[in-house]
Structures are given as C-alpha cells and as structure tokens.
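One structure is given here, and the rest of the page talks about it.
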Amino acid sequence: MPNIKIFSGSSHPDLSQKIADRLGLELGKVVTKKFSNQETCVEIGESVRGEDVYIVQSGCGEINDNLMELLIMINACKIASASRVSAVIPCFPYARQDKKDKGFFDIPVDNLYAEPAVLKWIKENIPEWKNCTIVSPDAGGAKRVTSIADRLNVDFALIHKERKKANEVDRMVLVGDVTDRVAILVDDMADTCGTVCHAADKLISAGATKVYAILTHGIFSGPAISRINNACFEAVVVTNTIPQEEKMKHCPKIQVIDISMILAEAIRRTHNGESVSYLFSHVPL
C-alpha cells in the first residue's frame, strides 16, 4: 500500500505485529523511553511526511502511561507533517466512566465490534451451540446478548443483580430458562470476574449443563485468575485486545480469539476510503 505507515506503542507490540503482517507491512521505527523524571519521550525513527499514519496502542497495563505515550506519538507524527494520523485503540481506556457525555472529544470515531468473531467462535468450538442460551450477566448487556441470540437463532436470558458498590455483587436473579442447555455468558469485559463467576454458579444451579463465558476485553485484575480456576466454566474466551500470554500460563480455561484481522481490515478500509461498517456483520478472512 502506498502512503501508509503503522507504528506500535509499547502496550501490545504482539498485536501490532500481527496487524502489520496481515497488511503486508513493516512496523514503523519508533523508540519510546522515559526521562529520569519519568516523562515519556518518543522518537519517530523515519519520515512520515505526507503519509497516512496509524498508531496501535491499547488501554491496558500501565493505562495512564500508555495513553500519554499515544498522545505524544500522535503529536510527534503531526509535527513531522503526516497527512493524517489515526489511533487504533483495541481496548479503549476510561470507557467505563464515559456514560454521560458520550466521549471526551469530537473527532471522528469508528467503533469496531467483536460480535462477528464471537459468532464464528461459538459455531466452531461449541458442538451443542444450537441448543444453547446466550446469557447477559447484567441487564445492561441485554442488547448485546439479544443480538447474538438472534443471529444464532437461539434463546437468551439475563441475570439481574442488585449491586451495592463497585466490584461487589449482591443478590442475583436469573430471568429466562437454561434447564438442560449450554449457557454462554457474554459481556464486554471481565475485570475482577466476581460477577461472571457468580453468574456461572447461578446458571449451573438453574440447570445449565455447561457454562462458557465470552468476554471481549480480558482485564483479569486482582483475584480474577483464581476465581476462574475455581469456577465451573468449560472455557473463558477473550479477544487479544489485551495481551493474555501470562494469564493463560496460570489459567488453562482462558482461550483467545485473535481480532488482528478485524483491526487490519479496518485500517485498510479507512486508508482506501471504503466503508468500515461491513465489519459489523462479517469477519474478514
């Protein structure tokens, strides 16, 4: 491709490399380091003048440092006369708090969805998927599970919970039937995993034969790994918006869906001025 450059921040070099490989490109040369007072310093090691630049940086690990590094990289490319700079952010930081004003900025954004990749994983990895129920661990995710259940032509259920304070779960009520069915919990992220592990217990006690969890962003902080190891999941499936290699060593139930092809295709379409919405319903090959 002419006039396109892809740079990786330091949050998730493995995913950036996969994206570049799928596009048949080399990652651009960039050096990130810290001054002795801990300020981030970024040096772009090649010309970006007149280029269409994409910077891949996920909101994981040291979130604030990585966000600042992304901003400095964007600025460095703009100062160096890039014609356009796009941030590719697999896991968008601070999205939990962004309920009221729908965003901190007003530049164009294309949201990407893991749903097509999730549907593909279910059909390829759960033999009994035609006899499953898609379950939301809270009422907020109802729209997400109804969409997936419709596309698979199966039933859905949701778990209504009364929550006292963040990261503490209270009474749970299952709305819907999972008796003698495979239950597939679907949510946008898993952090300490209290909710999703609680939900799994609830589903087994309500008669589910097996329980899977499919969670877009696997943050897995604090007690998450030991909770999953002790829970009754067949598998806990996440995408690689966040690096998972270390977590997988300690938790054999974690499986990963690679979404590099979705991001690579979004970059290719954006660069060529094509529609990105095609990706909302198709997994690129």
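Couple of notes before you dig in:
- Of the chymotrypsin sites (Phe, Trp or Tyr not before Pro) found in the range 73-164, those in coil by DSSP whose Cβ has at most 10 other Cβ atoms within 10 Å are F104, F105.
- Percent carbon-and-sulfur accessible area, the chain, ignoring ligands, DNA and RNA, probe 1.4 Å: 51 percent
- Point-to-point label distance, D201-K78, nm (Cα→Cβ direction, 7 Å offset): 5.0 nm
- Set of the range 194-220 residues, backbone N closer than 12 Å to the point 7 Å along the Cα-Cβ line of H250: 220
- Between amide H atoms placed 1.01 Å from N, distances below 5 Å from D138 occur with I159, all of them 5 or more places distant or on a separate chain.
- Relative contact order (%) - the range 4-95, alpha-carbon pairs under 8 angstrom, separation at least six: 31 percent
- Comparing D21, D191, D110 in a Gaussian network model of the chain where C-alpha atoms under 10 Å apart are linked, the largest mean-square fluctuation is found at D110.
- Computed 3J(HN,Hα) for the range 28-45, one whole-Hz value per residue from the Karplus formula 6.51 cos²θ - 1.76 cosθ + 1.60 where θ = phi - 60°, is x, 7, 8, 10, 10, 8, 10, 5, 5, 8, 6, 6, 7, 10, 10, 10, 7, x, glycine and proline marked x.
- Basic side chains Lys and Arg get +1 at the Cβ, acidic Asp and Glu get -1 at the Cβ, and with that the dipole of the range 4-95 about its Cα centre reaches some 180 debye.
- Stretch gain in nm, segment R96-A166, where the contour uses 0.36 nm per residue and the Cα spacing is subtracted: 24.1 nm
- Other-chain or far-sequence residues with amide H under 5 Å of F220's (modelled H): A190, D191
- Cα Rg, Dmax, the range 4-95, angstrom units: 12.5, 38
- Computing Cα extents along the principal axes in Å for the structure here picks out one of (1) 73, 54, 34; (2) 75, 36, 34; (3) 61, 42, 38, namely (3).
- Computed from Cα positions, the angle between helix 63-79 and the longest principal axis of the chain comes to roughly 30 degrees.
- Taking only the C-alpha atoms of the range 164-222, Rg followed by Dmax gives 11.9, 33 Å.
- Ratio Rg/Rh, restricted to the range 113-260 and using Cα atoms, in which Rh is the Kirkwood radius: 0.93
- Here the dipole of the chain is about 260 debye; that uses its Cα centre as origin and unit charges on the Cβ of Lys and Arg (positive) and Asp and Glu (negative).
- At an R0 of 51 angstrom, the distance between the Cβ atoms of S36 and E128 translates into a FRET efficiency of 0.30.
- For the range 77-91 and the range 4-31, distance of Cα centres in Å: 13 Å
- Farthest toward the positive end of the dipole of the chain, out of G141, P223, A213, is the Cα of G141, where the dipole comes from beta carbon charges about the Cα centre.
- Restricting the range 25-72 to GluC sites (Glu not before Pro) that sit in a DSSP loop and have at most 10 other Cβ atoms within 10 Å of their own Cβ leaves E39.
- Annotation for Y113 and C232: the two label points, set 7 Å from Cα along the Cα-Cβ direction, are 3.2 nm apart.
- One decimal place: the segment F280-M261 gains 5.5 nm when fully extended, by the rule 0.36 nm per residue minus the C-alpha distance.
- Label-point separation, K120 to M68 (7 Å along Cα→Cβ), nm: 3.8 nm
- The trypsin sites (Lys or Arg not before Pro) of the range 202-270 include none that meets both conditions, a loop assignment by DSSP and at most 14 other Cβ atoms within 10 Å of the site Cβ.
- Residue (of C77, F156, L174) at the positive-pole extreme of the chain, dipole from beta-carbon charges: L174
The values are calculated or read from the model by the stated rules, or taken from the named source; none is laboratory data. Keep in mind the model is a prediction, meaning the values are calculated, not measured. Quick reminder, even Gly has a Cβ in these numbers, built from the backbone with ideal geometry, and neighbours come from all protein chains shown. What goes into the accessible areas is simple: the full protein's heavy atoms, side chains included, and nothing from ligands, DNA or RNA. Shrake-Rupley method; radii C 1.70, N 1.55, O 1.52, S 1.80 Å.
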